[in-house]
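Shown next, in structure tokens, is the structure this report addresses.
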Amino acid sequence: IMWQNGVVREGGKEVGTISFGIDITERRRAEQELRRNEEHLEETVRRRTAELEHAERRLREVTDRIPGAVYQFVRHIDGSFAFEFCSEGMADMVGVPNEDALRDVNTVWAVIHPDDLADLVVKANESAESLTRYEQDLRIQQPDGRRWWIRAESEPQRRSDGSTLWKGSIMDITERKSLEEQLAVAKGAAESANQAKSAFLANMSHEIRTPMNAILGFAQLLLRDSALTALQRQNLDTINHSGEH
């Protein structure tokens, strides 16, 4: 019970007091229940925060051991892009510190070849609209002149707020691209050699056919119009058959 007291005055003089009590049992119970709920909520928040921090550490431990890099990339409803997560390998893949990539996506855009960057934006928007897989080979070019190739792949999903989230990976494909270029050069050289061989054979065929036609023609004239001994006819037949062959 909560007591409240008051003074009764008459003619400016105190003639008595008045007191009354209020039952505040329910209010006390409500206040205690509220405190318990607040303490429980605070404990729940602390526990969930600890669990999330632990999960994030585990995620970092796993993703940092994966070759290449993994990332989460978002297109907001206003059309802007941003990285929401980057594993430690991201810095090796694009040459930009993770904290810079997470702070401002333009730090990554700045090291992508302009032609590839234009394709990236187009393909990312197409992927966001159709929710189809995004795949692209990109050229990285650093201010110090270093250049290499990476391949980005990811799967999109639509969020409840209308934004699009990609979860994907990046791999260094510089060696593969180098082998492809070497193969293309070797293929070009082989095709050139084959063309040269074909030209040579066509030329040689022409050069051989011209005099051979004369030999065959005269052999056939001798066989048709000349009086020959059996041995001479046999020899001319051999010339004629060999020439035709």
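The values are calculated or read from the model by the stated rules, or taken from the named source; none is laboratory data. The shown structure was predicted, so the numbers you read here are calculated from the model rather than taken from an experiment. FYI the Cβ positions are ideal-geometry reconstructions off the backbone, even for glycines, and counts take in every protein chain you see. The area values use the complete protein model at the heavy-atom level, side chains included, leaving out ligands, DNA and RNA. Shrake-Rupley method; radii C 1.70, N 1.55, O 1.52, S 1.80 Å.
Between Met2 and His241, the modelled label-to-label distance comes to 13.2 nm, taking each label 7 Å out from Cα in the direction of the beta carbon. For the options Asp119, Asp78, Asp137, a Gaussian network treatment of the chain with springs between C-alpha atoms closer than 10 Å singles out Asp78 as fluctuating the most. In this label model, Leu41 and Thr132 are separated by 4.8 nm, measuring between points 7 Å along each Cα→Cβ vector. Using the alpha-carbon centroid of each, what span in Å lies between the range 192-245 and the range 10-45? Using only Cα atoms, the two centres lie 126 Å from each other. Take the range 86-136 with all the other protein chains still there, run a 1.4 Å probe, and you get 48 Å² of accessible area per residue. Note on the chain: GNM, Cα springs under 10 Å; of Gln232, Gln182, Gln32, the largest mean-square fluctuation is that of Gln232. With helices as the sole contributors, the chain gives -19500 deg cm²/dmol at 222 nm; each DSSP H run of n ≥ 4 counts as -39500 (n - 2.57), and the sum is divided by every residue.
Please report the relative contact order for the chain, taking Cα pairs under 8 Å with a sequence separation of at least 6, and give it as a percent rounded to a whole number.
On the way: 272 pairs, mean separation 28.1, N = 245.
About 11 percent, as a whole number.
Label zone (Val185, point 7 Å along Cα-to-C-beta; backbone nitrogen cut-off 18 Å) within the range 148-179: 148-149, 174-179. Here the Gaussian network model covers the chain, with springs between Cα atoms less than 10 Å apart; of Arg147, Arg139, Arg28, Arg28 fluctuates the most. Close amide H contacts of Glu153 (hydrogens built in the peptide plane, cut-off under 5 Å, sequence separation of 5 or more or a different chain): Ser169. With a simple spin-label model that places each label point 7 Å from the Cα along the Cα-to-Cβ direction, the separation between Ser80 and Asn106 comes to 1.1 nm.
If I take R0 = 41 Å and measure r between the Cβ atoms of Asp23 and Thr49 in this structure, what FRET efficiency does the formula 1/(1 + (r/R0)^6) give, to the nearest 0.05?
Numbers: r = 40 Å, r/R0 = 0.99.
For Asp23 and Thr49, the calculated efficiency is 0.50.
Here the chain is described by how far its Cα atoms reach on the three principal axes: 175, 39, 33 Å, from widest to narrowest.
With a 1.4 Å probe and every protein chain left in place, work out the accessible area per residue of the range 183-245 in Å², rounded to a whole number. Please report the intermediate quantities before stating the final value.
Details: 5010 Å² over 63 residues.
Dividing the accessible area of the range 183-245 by its residue count gives 79 Å².
What FRET efficiency comes out for Phe218 versus Ser192 if R0 is 30 angstrom and r is the Cβ-Cβ distance? Round to the nearest 0.05. Could the numbers behind the result be given before it?
Values: r = 40 Å, r/R0 = 1.35.
According to the calculation, E is roughly 0.15.
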